[in-house]
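The values are calculated or read from the model by the stated rules, or taken from the named source; none is laboratory data. Just so we're clear, the structure is a prediction, and the values are computed from it rather than from any experiment. Using ideal geometry, Cβ is built from the backbone for each residue, glycine included, and neighbour counts are taken over all protein chains shown.
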Amino acid sequence: MNINFTQQKNVALGNVIEQLEAHWSVLEAELIEITKDIKRTEEMKVKYGQVCEPLYSHLKELKQKRKTQMRQIQNIMQKFDFDTQKGITLQWWALEMLF
């Protein structure tokens, strides 16, 4: 019975890691697109002036939010690596920080 619990726990941890990696991939793709959009908006600011400033500011904020989310995932994964080396499991509150 104890083995079954351990197996379930390992599967659950594997699922958490997969979700974090998938979330990272989505954020990374979004960050690439946001960076491209910022460059295009900078070009539009030169051409059309301050009318593009709200969009530019929004994109810069969005980029910062995505970077922050990625740092959170990185911190969670580093904590997981550190904790597993000591035999401590990943705490479920980590997911609540992101979702």
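Taken as a whole, the structure leaves K79 outside the set of residues that are of a type in the set (D, E, K, R), at pLDDT 80 or above and loosely packed, with under 12 Cβ neighbours inside 10 Å. Restricted to the stretch 33-68, and to residues there that are in contact with a helix residue (DSSP H, G or I) (Cβ under 8 Å, 6 or more places away or on another chain) and among the charged types (D, E, K, R), the residue that is farthest from A22 (Cα to Cα) is K45. Identify all residues within the stretch 69-82 that are over 10 Å from H23 (Cβ atoms) and in contact with an Asp or Glu (Cβ under 9 Å, 6 or more places away or on another chain); write none if there are none. Within the stretch 69-82, M77 is the sole residue that qualifies. Take L20 and tell me if it is surrounded by 11 or more Cβ atoms within 10 Å (Cβ to Cβ), outside any helix (DSSP H, G or I), of a type outside the set (D, E) and at pLDDT below 95. No: the conditions fail for L20.
Restricting the search to the stretch 53-80, which residues are of a type in the set (K, R) and closer than 16 Å to I32 by Cβ? Passing the criteria: K60, K63, K65, R66, K67.
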